[in-house]
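Coordinate-derived values only; no laboratory data. Quick caveat: nothing in here was measured; it's all calculated off a predicted structure. Heads up, the Cβs are rebuilt from the backbone with ideal geometry, glycines too, and the neighbour counts pull from every protein chain shown.
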Amino acid sequence: MAQAYPKIAYSKIGGPKAWAPGDLRPEDWRLGIPQAAVAELGRAVAALKAADAKLPAPKPADFDLGLCADFAATMKQRLETGPGFVVVSRLPVEDWGVDGIRYAWWLLGSLVDRPQPQYIEGFWLYDVRWLGDWDADDEQARRLRDAEIKAHTDESLKDVGPRYTGLLWAAKARAGGNSRVSSCAFAHDLLHDERPDLLARLYEPFLFHPFRPVDPNAVHWHPVFRRDGSHVRCQFARDYIAGGAKRWDRPLDPAGAEAIEQFEAILERFALDFPMEPGEFEILDNDLITHGRSQHVDWAATKQRRHLMRLWLGTSGSPYDGPPPPL
């Protein structure tokens, strides 16, 4: 007997976050951090280095960061009422070093929203990099060694995840590795017009399971799209959905498989692609903007290899209250 799913009004999302790349001007999403704000951060970085501070102890309130707070408010306005992402130039990694950039990034992110622990290990700031040591690198770093990263939202696994994802480039690859961002709202609305049957399936649940350490007995079961009043949240990672089908030996139904394939194809086709320089960072509305990266060629020397620092900021989501999983 087929399961009964809740009826949902599949209206369009619309608004400024439902964009295709041709709709955007660089000034819509690119910002330059004021040099006076950089100077504020520099003083804080020097104090934190001297104290050998450990995350998550440093707090913006411990320092005079008024101009940084103003800039964080500007960024958050773009995240909330603009295109849903910002790319910011830039912090002086060549002057502050990796440890100094870590402190600065933590303080700036904290001014946007409260940092959240990442993964089962509880990382406060996650280093996305490949060190070339199979014993030292974690599973995700191995998978991301040089491969293209398809469009996804972070922590699409759980009911509650980060509201914003932040990525800072501490070091870039020798070639390639451009950032890519896409609008879930645009992809949603295109399916609404062209394949409403597939959109409807994305509002029904899927099994999710990642390729990283998690509780092996936990069942993660929820839709790609959920609505809470006027708020729409997208949780999407195609490899996690494939992992859920494999982990629980429940192959995707034909409609589900086609919906996932077409949704990802739209996100990839209408991605905004751009290079990132050391010291630049991006912050995205993780509920409606996916991110990914193009394939890259890294440096031979370990210390030169591409190094991204990721923050999860704020929280979003609630427990899924639909039918139980078919297990």
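Of the trypsin sites (Lys or Arg not before Pro) found in region 6-101, the ones in coil according to DSSP and having at most 10 other Cβ atoms within 10 Å of their Cβ are Lys7, Lys54. So what's the gap between the Cα centers of region 237-309 and region 48-103, to the nearest angstrom? If we compute the Cα centre of each part, the gap is 25 Å. Packing, as the average of other Cβ atoms within 10 Å across residues, places the peptides 184-194, 249-259, 286-296 in the order 286-296, 184-194, 249-259, highest first.
Any aspartates and glutamates with Cα under 13 Å of the Lys303 Cα? List them, leaving off those in the same chain fewer than 8 positions away. By straight Cα distance, Lys303 reaches Asp133. Normalising the average separation of contacting C-alpha pairs (under 8 angstrom, six or more residues apart) by the number of residues puts the relative contact order of region 113-317 at 46 percent. Going from the residue with the fewest nearby Cβ atoms within 10 Å to the one with the most, Arg233, Arg102 rank Arg102, Arg233.
Paramagnetic label reach from Phe274 (point 7 Å along Cα→Cβ; backbone nitrogen cut-off under 20 Å): within region 153-188, residues 153-154, 164-173, 175-187. Here's how it looks for His220: its modeled amide H is under 5 Å from those of Phe208, which are all 5 or more places away or on a different chain. Which of these, Asp146, Asp62, Asp113, has the largest mean-square fluctuation under a Gaussian network model of the chain (Cα springs below 10 Å)? Checking each option, the largest mean-square fluctuation is seen for Asp62. Multiplying the residue separation of Ala175 and Leu31 by 0.36 nm and removing their Cα-Cα distance gives an extension gain of 49.4 nm.
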